[in-house]
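Let me begin by presenting the structure, written as structure tokens, before commenting on it.
The values are calculated or read from the model by the stated rules, or taken from the named source; none is laboratory data. Because the structure is predicted, anything quoted here is derived from the model rather than measured. Here the Cβ is made from the backbone with ideal geometry for all residues, glycine too, and neighbour counts use every protein chain on show.
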Amino acid sequence: MEISDSQINHFRKYGFFFLPNPFGEEGMREIDRIAQDNERRWEATDWPKGMNRLACQFLMIGEPILRFVEQPQFVEAARRLLNCDRVHVGACGLGDASRIISEDGRPQRQVEWHADGGPDVQQVAFRTALDRHDPTNAPLRILPGTHLRPREEVREELMQVELATGQHDAPPKRLFARHPQEVEVVLDPRWTLVWTPSCWHATGVKTAAGPRRAFGWNYYPSGGRARDVEAVKHVFVRVWETWSEGRKRLWRLTD
Ligand SMILES: [Fe+2]
């Protein structure tokens, strides 16, 4: 999974590129099987307040997923993309983020335009779908290049595109309208999306029945975000202390 300079350039300029799925059919089957076996237990668990439930579901995959995340080829790719010596995993997740976000009672199962970060936040996320995210299955929509632009400027642009739909009496709080430059990512399990969540993104509406699962994790340079440390300690309670120094460092459990 050697990444090329032109892929790196595309990532830096536009915020994303695609890799052939590096897990292979067997790896995907294994992750899928474990995820399905875990699902009931995950759903029935009363996770501590404020803990990222999708991170817990990811970590419950256990050893097979940890081994993937720490593979030198991923770590090396992340270092090159972020142009730094050392990276750690600061966030991860498995499941359907559109479902969690829609729990606030919004009328449609859809995530509004937002950026998880901005021009000052360096990060790279690897995202692979377990189920194909078709246009009817709330596909991720990315606005290329917006990871480089001031947040207020992009928000204003999306607001104007939203108001141009003629549907509103007043400026709405959440923005969903299609931007002429957006890329709708029909994420097929054959491909892994490598992207920065500092780039503005939203989803389409989920109208299709059935699952919309994906899994992924984010690498950050030293000093970057470490959102899911508590989830790691919780899921691997009494185990993480026995991990190798390298694994601990990668998950930001030690410096
Ligand atoms: Fe997001």
Inset, instruction - Could you list, in sequence order, all residues of segment 200-229 that are touching a residue at least 12 places away in the same chain (Cβ under 8 Å), away from the ligand (no atom under 15 Å from the Cβ) and either basic (Lys, Arg) or in a loop (DSSP other than H, G, I, E, B) (or both)? - result: Val205, Lys206, Thr207, Ala208, Gly210, Pro211, Arg213, Ser222, Gly224, Ala226
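Determine, yes or no, whether Pro197 is more than 16 Å from Val111 (Cβ to Cβ), in a loop (DSSP other than H, G, I, E, B) and modelled with pLDDT of 95 or more. Spell out the reasoning first.
Numbers: more than 16 Å from Val111 (Cβ to Cβ): no; in a loop (DSSP other than H, G, I, E, B): yes; modelled with pLDDT of 95 or more: yes.
So Pro197 does not fit the description; no.
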Legend entry - Residue selected from segment 230-255 under the condition of a type in the set (Gly, Ala, Ser) and in a helix (DSSP H, G or I), by the criterion nearest to the chain's Cα centre (by Cα): Ala231
Legend entry - segment 121-154: number of residues that are buried (at least 17 other Cβ atoms within 10 Å of the Cβ) and assigned to a helix (DSSP H, G or I): 3
Inset, instruction - May I ask you to list the residues in segment 164-211 that are touching a Lys or Arg at 6+ places or on another chain (Cβ under 6 Å) and farther than 24 Å from Arg151 by Cα? - result: Asp188, Lys206
Inset, instruction - Check Thr165 against each of (1) among the hydroxyl-bearing types (Ser, Thr, Tyr); (2) more than 15 Å from the ligand (Cβ to nearest atom); (3) surrounded by 15 or more Cβ atoms within 10 Å (Cβ to Cβ); (4) assigned to a loop (DSSP other than H, G, I, E, B) and name the one condition it does not meet. - result: (3)
Inset, instruction - Go through segment 101-136 and give me each residue that's more than 11 Å from the ligand (Cβ to nearest atom) and of a type in the set (Val, Ile, Thr). - result: Val121, Val124, Thr128, Thr136
